[in-house]
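Student: This structure is in structure tokens; I'll ask about it shortly.
The values are calculated or read from the model by the stated rules, or taken from the named source; none is laboratory data. Since we're looking at a predicted model, the values are computed, not measured. Cβ coordinates were reconstructed from backbone atoms using ideal geometry, including for glycine residues, and neighbour counts include every protein chain displayed. Areas reflect the complete protein model, heavy atoms only, side chains present, ligands, DNA and RNA absent. Shrake-Rupley method; radii C 1.70, N 1.55, O 1.52, S 1.80 Å.
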Amino acid sequence: MEVFEAIVSRRSVRHFDPAHRMSDAEIEQLMEHVLLSPTAFNIQNWRFVAVQDDALRAEIRKAAWDQSQVTEASLLLVLCLDLKSWAKSPERYWRNAPPEVAEAMVREILHFYRDDEALQRDEGMRSCGMAAQTAMLAARAMGYDSCPMDGFDFKRVGHLINLPPDHRICMMLCIGKTLQGAHPRSGQLPLADVFMRDGFSERAQ
């Protein structure tokens with residue numbers, strides 16, 4: 001599927017074929033492309049939990065106010081961020097770079113993130129957001145639809161997936177074969193309302 005077509009045709013759907021499951025090869029293909037998403041300093045601070053156990057999915061559905069897509073989608077991904085990825089052997093993120101470049105980047109990583117917990121969290125949220133968009137577009141190119149979710153009890157889902165203390169959940173993403181297309185777009189703002197050149201005008205404020 002052509003990139004622009006995937007962007008235009010990507011919609012959030014909530015009615016998936018519960019009998020369909022993605023193959024392991026399809027999941028691997030999807031995730032290999034998701035891993036090409038950008039992260040600052042290449043710290044790759046996202047972590048992805050594919051929930052495949054039916055009983056666990058049922059518990060997560062309870063924590064998501066019984067939203068059916070949690071159990072009916074082919075794939076349920078919980079997108080998490082590792083707050084301390086910057087401090088966990090950061091040299092591995094630059095192992096293929098020239099030694100002088102790798103050493104400089106590791107110094108920059110440690111200097112940039114140390115002692116700034118808000119930045120660590122914000123960076124993880126940005127990374128997961130970009131990865132989620134990559135996943136949704138890649139899924140669309142593979143003939144699947146998706147539904148990003150933040151309507152769930154984050155603390156409960158974290159407990160259910162055994163989330164480490166230095167991790168946070170960003171969102172969940174349901175991917176699968178839709179049974180019912182999305183409704184018409186409900187009201188996109190015109191480009192002129194959201195796109196500015198060289199800053200905000202007094203009128204816009």
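Student: How much area per residue is accessible in segment 1-57 when the probe is 1.4 Å and only protein heavy atoms are counted (Å²)?
Tutor: Averaged over the residues of segment 1-57, the accessible area is 61 Å².
Student: Any idea what log10 I(q)/I(0) is at q = 0.16, 0.18, 0.25 Å⁻¹ for segment 42-122, Debye with uniform C-alpha scatterers and no solvent?
Tutor: Taking Cα atoms of segment 42-122 as identical point scatterers yields -0.71, -0.77, -1.09.
Student: Quick check on segment 78-173: take the gyration tensor over C-alpha atoms, sort the square-rooted eigenvalues as a ≥ b ≥ c, and tell me if it's rounded (a/c under 1.5), prolate or oblate.
Tutor: Oblate is the answer for segment 78-173, as a/c is 1.5 or above yet b/c matches or exceeds a/b.
Student: At most 12 other C-beta atoms within 10 Å and a DSSP loop state: those are the exposed chymotrypsin sites (Phe, Trp or Tyr not before Pro) I care about. Give me the longest piece of the chain that has none.
Tutor: It runs 66-194.
Student: Also, quick follow-up: State the percentage of accessible surface on segment 71-162 attributable to carbon and sulfur atoms; use a 1.4 Å probe and exclude ligands, DNA and RNA.
Tutor: Result for segment 71-162: 51 percent of the exposed heavy-atom area is carbon or sulfur.
Student: Then there is this: What do you get for Rg/Rh of segment 91-146 when both radii come from the Cα atoms and Rh is the Kirkwood radius?
Tutor: With Rh from the inverse mean 1/r over Cα pairs, Rg/Rh is 1.17.
Student: Right, next: Take the alpha carbon atoms of segment 1-20, find their center, do the same for segment 22-54, and report the distance between the two centers in whole angstrom.
Tutor: Answer, in whole Å: 18.
Student: Let me ask something else. Please quote Rg/Rh for segment 66-109 to two decimal places, taking the Kirkwood radius as Rh and restricting both calculations to Cα atoms.
Tutor: Rg/Rh for segment 66-109 comes to 1.35.
Student: Let me ask something else. What whole-number value in Å² describes the accessible area per residue of segment 93-205 for a 1.4 Å probe?
Tutor: Averaged over the residues of segment 93-205, the accessible area is 66 Å².
Student: Nearest 20 debye, what's the magnitude of the dipole of the chain about its Cα centre given +1 on Lys and Arg Cβ and -1 on Asp and Glu Cβ?
Tutor: Roughly 360 debye for the chain.
Student: Please give the peptides 183-194, 158-169 ranked by average Cβ packing (other Cβ atoms within 10 Å per residue), highest first, as a rough proxy for protection.
Tutor: 158-169, 183-194
Student: At 222 nm, what helix-only mean residue ellipticity would the chain give, in deg cm²/dmol to the nearest 500, using -39500 (n - 2.57) for each DSSP H run of four or more?
Tutor: -12000 deg cm²/dmol
Student: On to the next question. Using the Cα centre of the chain as origin and beta-carbon charges of +1 (Lys, Arg) and -1 (Asp, Glu), tell me which of Leu76, Gln120, Gln180 is placed farthest towards the positive end of the dipole.
Tutor: After comparing all options, I get Gln180.
Student: Let me ask something additional. Using just the Cα positions, wrap the chain in a convex hull and report its mean projected area in square nanometres, one decimal place.
Tutor: For the chain, averaging the hull's shadow over all directions gives 15.0 nm².
Student: If you add up the charges near Ala139, with Lys and Arg at +1 and Asp and Glu at -1, over every other residue whose beta carbon is less than 12 angstrom from its beta carbon, what do you get?
Tutor: After counting each charged neighbour, the total is +2.
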